[in-house]
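Worksheet for the structure shown next.
Every number here is computed from the coordinates shown, using simple stated rules; none is lab data. Because the structure is a prediction, the values reported are computed rather than measured. Because the Cβ atoms are built from the backbone with ideal geometry, glycine has one as well, and the counts that use them run over all protein chains shown.
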Amino acid sequence: MLSKPDKYLIISWGGKLMKRVFGVLSVSFLALMPAVATAQDSFGDIADAQSADQSADEAGLNVIVVTAQRREQDIQDVPISVTAISGDELTKVGIRDPRDLTLVVPSLSIQAGTSSTTTSLFLRGVGIGDFNSNTTGAVGVYVDDVFLGANAGKLFNVFDSDGIEVLKGPQGTLYGRNTTAGAIRFSSRKPTDELSADAAVSYGRFNEVQAEAGIGGPILGDVLKARVSGTYLRRDGWLLNRVTGNKLNALDMWAGRAIVDFTPNPDVLVRAIVHGGQSRGDARQFQHRGSGVDLVGNPIFAGSVPLDGLGYADTDGDINAGDYDVEGRERVDVFGASLTGKIDIGDVTLTSISAYEQVRRNTLEDTDASPNNVLTATYVDRPEQYSQELRLQSRDSGPVNWIVGGFYFHDKLVTESSFDILRVLRDPNDLLGTFDPVNSIGNYAYPYTQTTESWAAFAQADVELTDRLTLTGGLRYSVDSIDFDYRAFFDDVVVVPVLDFEGSKTFKDLSWRAALSYQASDDVMVYASSSKGYNSGGFAGGSSSDPAQLQPFGSETLYAYEVGFKSDLLDRTLRFNAAAFYYDYRDLQVFVFDTSGVLPVQRKLNAGNAELYGLEVELQVQPSRNFNAFVNASFLHAKYKQFTALAAEDYAGNNLVNAPGFSISTGFSVTQPLSGGSSLQLRADGSFQSESFLTPDNARANRVKAYGTANLRFSWLSADERLELALWGKNVTGTRYITYISPVVTMDQINYNDPSTYGVQAVFKF
């Protein structure tokens, strides 16, 4: 509960932020992303929609229909902060995976590790910077209403998209335990009533080739429809290995999807989806930064340059080059299938979603990022999940709209990861992986199996108290059981056991949500909400030799309070939304590195609590059908209130990781009609974020300096808009910034974002 001084402080702080926001709006170069419009059919599909009384020739913003609350609603009527992006916009902005969503969602921050298919997501400063295989994070990722639990492989489904919804704040009532920060919902394009096809082909810098295509339509009248789609992406690397002369960070991946809709009568729909894909490319190579200590902790410098334990330093400052004795490789295979059934029974609808997902990942990594073979890692992950959801809900036929349901989730993760340690000191006549305690340490393996079973029951209702006032209330009861079987040993010729650990833990929670929304007018809605989010505890999944490091960490909870308004003004030519929030974040799960032993160990701790509050503003204008612009801004205060870390380090008062105080995205789209009906279109967008930190100790060496990026697209569209030819550029300013930092043996691993890219694209619609 906030004290009166705290409340007044927040109100005063929010007022100052509003003044800063209006200052930004007055000078900002307004933005890309016309319409950011998505809609969804009654079965959970996202698609563009426009008011029936609005002609295509008129000015004004499109109606955006979302299913953030598991039913169709105008986004302006939803008492939740939601950003929605249409499938067409995803193509034109160049958003291929969640890492690109920061272009249009300022409150979203992303860490990217070695894997090309793995990310760590943060919303409003809430998230877990942990890439271990058994971490699901605090931002739930859903594709076609199927929750994806595996840390790897989530990016394969982001193609042939109908749109994306980003839900901010705890979404535990309807979406489960892994949504403390929020949820991201991807929707695929579904079969249409008429035969249609589309394709996009792009060529760019680093010999990047991307192709995407889909075709769908009726097979047997209205009874049977289908859509098949696929994507392919390859590019050369840009990082020079000075040891071999090769270019690293190359990528080669493909994915495909088939969807079949069976509708035997208007009240029944059965949808089957099958998808798969693979990636064959390079594991992302780190940049090297020496820590300035040798293998026994003595200082080691070359002048003012810190060296690693073997006396190496990458001193030229070129983030596009390095010295590697091992060139990383990665192989990822993904397969999944789901069966969704819907039946209308009188005034209610019964929905069933059954799904299966599996991922196979094998990554070879030059962990020390140097020409000396100090540490080489092999990561092998095999997650496999089953899920079942049942929902019964009203059909929006009265003053009370409700939903009740149950959810079951089973996940089994098998890993076979290992480190080859100090092979540079080993007798060259020894076999690879041989345990040699005299000349080296050897191959250190730490395989483990984790089985997770989750059950949940949930309910939510919207009650119209008056024609303009609606009360929303929801509950979710969750039970999560985790079994963890961990081993560690040196192997190959000689097996030397180090550690056997078995653990089991069950976590239970009751999450809730309450909200009031008031329709002040047909074009203005205000709301206030309170909710509790929960993320279950578990076990750390990194390498370890000490059973104390494997003890389970506890669940985290987040109490969220939010007020906001949404408005469409000036005959729907101006959309202005704002939300202020306060988070009481308790027992938050924090990813840290334990450097007390020979090797840094990845651990998870529960901090005492943290305080977050902030303000988000969204402005979009479309005074004519040939001009559209937007500005989205986020202000955030996110600090630990109580956090005693390892070695009794007190982090109270430090900033949370990946929590910039200010971020903004802005841009515009201008269309110039030509004779004959064709047109030219210029689109530009930019984003900026202030300084942030990648580790909870807030070490200056581990900060991300403030940075900004910009993107451009210039295109010609045919009169019927079925053909688009475009020139595009991403990160045209060439901005480089740190995305990840991790300590290893006497050095730090550093990852940077991709360099600037540019190219040409052709988009076809048939």
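If we sort 76-82, 399-405 on the protection proxy, mean other Cβ atoms within 10 Å, highest first, what's the order? Intermediate results must be reported in sequence, preceding the final value.
On the way: 76-82: 23.1, 399-405: 16.9.
Put in order of decreasing packing, that is 76-82, 399-405.
Report the full-extension gain for the segment ARG703 to GLU72: residue separation times 0.36 nm, less the Cα-Cα distance, to one decimal in nm. Don't jump to the answer; show the numbers that get you there.
Values: separation 631, 0.36 × 631 = 227.16 nm, distance 4.17 nm.
That works out to 223.0 nm of additional length.
So what is Rg over Rh here for the chain, counting just Cα atoms and using Kirkwood for Rh? If you can, show how the numbers build up before the last one.
On the way: Rg = 25.9 Å, Rh = 27.1 Å.
Rg/Rh: 0.96.
Based solely on its DSSP helices, what 222 nm [θ] is calculated for the chain when runs of n ≥ 4 H residues each add -39,500 (n - 2.57) and the sum is averaged over all residues, nearest 500 deg cm²/dmol?
Working: 3 runs with 35 residues, N = 766.
Calculated from helices alone, the mean residue ellipticity at 222 nm is -1500 deg cm²/dmol.
How high is the relative contact order of the range 234-351, given as a whole-number percent (alpha carbon pairs under 8 Å, six or more residues apart)? Present the calculation step by step, with values, prior to reporting the outcome.
Working: 231 pairs, mean separation 34.0, N = 118.
Dividing the mean separation by the residue count of the range 234-351 yields 29 percent.
Return the subset of LYS168/LYS566; LYS412/LYS505; LYS505/LYS532; LYS168/LYS604 for which the Cα-Cα distance in this structure is over 19 Å, preserving the input order. Display every interim value, and only then the final one.
Working: LYS168/LYS566 15 Å; LYS412/LYS505 15 Å; LYS505/LYS532 22 Å; LYS168/LYS604 24 Å.
From LYS168/LYS566; LYS412/LYS505; LYS505/LYS532; LYS168/LYS604, over 19 Å: LYS505/LYS532; LYS168/LYS604.
So for the range 653-692, averaging the separation of alpha carbon pairs under 8 Å that are six or more residues apart and normalising by length, what relative contact order in percent results?
Details: 52 pairs, mean separation 20.1, N = 40.
Result for the range 653-692 is 50 percent.
Taking the Cβ of GLY309 as the center, what net charge do the other residues with Cβ under 10 Å away carry, scoring Lys and Arg +1 and Asp and Glu -1? Each step should come with its number before you reach the end.
Working: positive: none; negative: ASP294, ASP308, ASP368.
With Lys, Arg at +1 and Asp, Glu at -1, the net is -3.
Tell me the net charge near VAL590. Cut-off is 11 Å between Cβ atoms, VAL590 excluded, with +1 for each Lys or Arg and -1 for each Asp or Glu. Spell out each step's value before the answer.
Details: positive: ARG603, LYS604; negative: ASP130, GLU556, ASP587, ASP697.
Result for the neighbourhood of VAL590: -2.
SER718 to SER545: FRET efficiency via 1/(1 + (r/R0)^6), r the Cβ-Cβ distance, R0 60 Å, to the nearest 0.05?
Details: r = 64 Å, r/R0 = 1.07.
Calculated transfer efficiency: 0.40.
Percent relative contact order of the chain, based on C-alpha pairs within less than 8 angstrom and at least six residues apart? Please list the in-between numbers first.
Details: 2277 pairs, mean separation 92.4, N = 766.
Computed value for the chain: 12 percent relative contact order.
Enumerate the amide H contacts of TRP238 below 5 Å, restricted to partners 5 or more residues apart or on another chain; note that Pro and chain-start residues carry no placed amide H.
LEU248
Using only Cα atoms, find the angle between the long axis of helix 4-27 and the longest principal axis of the chain, and express it within 0 to 90 degrees, rounded to the nearest 10.
With both axes taken from Cα atoms, the answer is about 80 degrees.
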